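Engineer: Dumping the structure here so I can ask a few things about it.
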Amino acid sequence: MMGTNLARAVRRVNPPLQQIAQIDLAPSPDWFHKGQKAAWAVTERIILLLWGNQSGKTIFGPHWLLREIQNTAKAGEANDYLLAGPTIELLKKKAIPELQKALSGLAVYNQGDRCFRFTAEGSAKVCGRSCQITVFVGYAAKPESLESATYKAAWLDEAGQKEFKEGSWEAILRRLTIHQGRVLITTTPYQLGWLQKRIYNQDGKGEVTVIPFESRENPAYPVEEWNRAQQDLPPYR
C-alpha cells in the first residue's frame with residue numbers, strides 16, 4: 001500500500017511528458033535593448049554581432065541558440081548544436097555560465113564531456129516532446145577538435161580573437177552543411193583577420209548580415225568608460 005501511495009505521489013510531482021507545457025521562444029525577451037532586438041529579427045543564415053565590450057552580445061547568444069533548438073530539433077534524430085570560442089578558458093569566464101543560466105531546468109552541463117544534455121522534461125518544454133538534444137562546447141584554437149560532428153546551429157563567441165582560427169570556421173561550416181544550420185557570431189572588434197574577409201566584407205551579400213553596436217548604446221554602459229576608451233583606442237575599436 002505504501003508503495004502504491006508513493007507511486008501516485010511521484011506522478012503528481014512529475015506529470016507525463018505529454019502534459020508538460022511547451023515554452024514559446026519566438027518572442028524576444030522583454031529586457032533586450034535595441035541592438036539585441038535588431039539581431040533577434042535577422043533571418044539570414046550567418047549573423048555577425050560586431051559589438052563593443054559590455055554591450056550584451058554574450059548574454060544574447062544563449063537565447064538565440066535556444067530558439068534555434070526549438071525551431072530545428074526533431075524527435076528520433078540526434079539534435080546536436082555547438083558553442084565554440086577561442087579557448088576553453090575564455091568560454092568558462094562568460095559564455096558557458098550564461099548558457100547554463102538560459103538552460104537552467106532544461107539541460108545539465110557535463111564538464112568532463114564539455115556538453116549540455118537536455119533532460120526528457122527539458123526537451124519536452126522546448127520541443128513539445130521528449131527528444132535527444134546536446135549542445136557541445138568546443139574551442140577554435142584547434143580546428144581538428146571541431147570535426148566529426150553534425151550540427152544544426154552554432155554560436156561562436158569572440159571569434160575575432162587571433163586564437164579563433166580560420167580553419168576552425170571552415171570546420172564548423174562543414175559540420176553545419178547537412179542541415180544548412182545557422183550561425184551566430186558574437187565578438188568585439190579585435191584584429192579581425194579572416195573574420196573581416198569572409199564575414200564582415202560579405203555583409204548584405206546573400207546569407208550574411210552584420211549588426212554593429214557601440215558599447216555606449218547599451219543603456220547600462222557608463223558614458224565615462226566610453227569617453228576614456230575614445231582616448232585610448234583606435235577608432236575601429
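Engineer: How long is the gain from GLU163 to ILE23 if the chain were fully straight, where each residue apart is worth 0.36 nm and the alpha carbon distance is subtracted?
Structural biologist: 46.7 nm
Engineer: By per-residue mean of other Cβ atoms within 10 Å, what is the highest-first order of 80-86, 66-72?
Structural biologist: Order by mean packing, descending: 80-86, 66-72.
Engineer: Here's a follow-up. Please compare each pair in LYS34/LYS93; LYS93/LYS125; LYS37/LYS57; LYS152/LYS197; LYS142/LYS165; LYS74/LYS152 to a cut-off of 18 Å on the Cα-Cα distance and tell me which ones are over it.
Structural biologist: Numbers: LYS34/LYS93 25 Å; LYS93/LYS125 28 Å; LYS37/LYS57 11 Å; LYS152/LYS197 24 Å; LYS142/LYS165 8 Å; LYS74/LYS152 11 Å.
From LYS34/LYS93; LYS93/LYS125; LYS37/LYS57; LYS152/LYS197; LYS142/LYS165; LYS74/LYS152, over 18 Å: LYS34/LYS93; LYS93/LYS125; LYS152/LYS197.
Engineer: Can you tell me the length gained on complete extension of the stretch ILE178 to ALA38, counting 0.36 nm per residue apart and subtracting the Cα distance?
Structural biologist: Difference between extended and current length: 47.6 nm.
Engineer: Next up: State the percentage of accessible surface on segment 107-215 attributable to carbon and sulfur atoms; use a 1.4 Å probe and exclude ligands, DNA and RNA.
Structural biologist: Within segment 107-215, the accessible surface is 44 percent carbon and sulfur.
Engineer: Here is a follow-up. Using θ = phi - 60° and the Karplus form 6.51 cos²θ - 1.76 cosθ + 1.60, what ³J(HN,Hα) does each residue of segment 68-84 get, whole Hz, x for Gly and Pro?
Structural biologist: Couplings: 4, 4, 4, 7, 10, 5, 9, 5, x, 10, 7, 8, 10, 9, 9, 10, 10 Hz.
Engineer: Where q = 0.28 Å⁻¹, what log10 of I(q)/I(0) comes from the Debye formula for segment 105-144, counting one point per Cα?
Structural biologist: Here the Debye-derived log intensity ratios amount to -0.86.
Engineer: Would you tally the net charge around ALA107, using a Cβ to Cβ cut-off of less than 11 Å, leaving ALA107 out, and scoring K and R as +1, D and E as -1?
Structural biologist: Value of the local net charge: +1.
Engineer: From the square roots a ≥ b ≥ c of the eigenvalues of the alpha-carbon gyration tensor of segment 66-209, which class results: rounded (a/c under 1.5), prolate (a/b over b/c), or oblate?
Structural biologist: Prolate is the answer for segment 66-209, as a/c is 1.5 or above and a/b outweighs b/c.
The values are calculated or read from the model by the stated rules, or taken from the named source; none is laboratory data. As the structure is a computational prediction, the values presented were derived from the model and not from experiment. Cβ: placed from backbone, ideal geometry, glycine included. Neighbour counts: every protein chain shown. We work out accessible area using only protein heavy atoms, side chains counted, and drop any ligands, DNA or RNA first. Shrake-Rupley method; radii C 1.70, N 1.55, O 1.52, S 1.80 Å.
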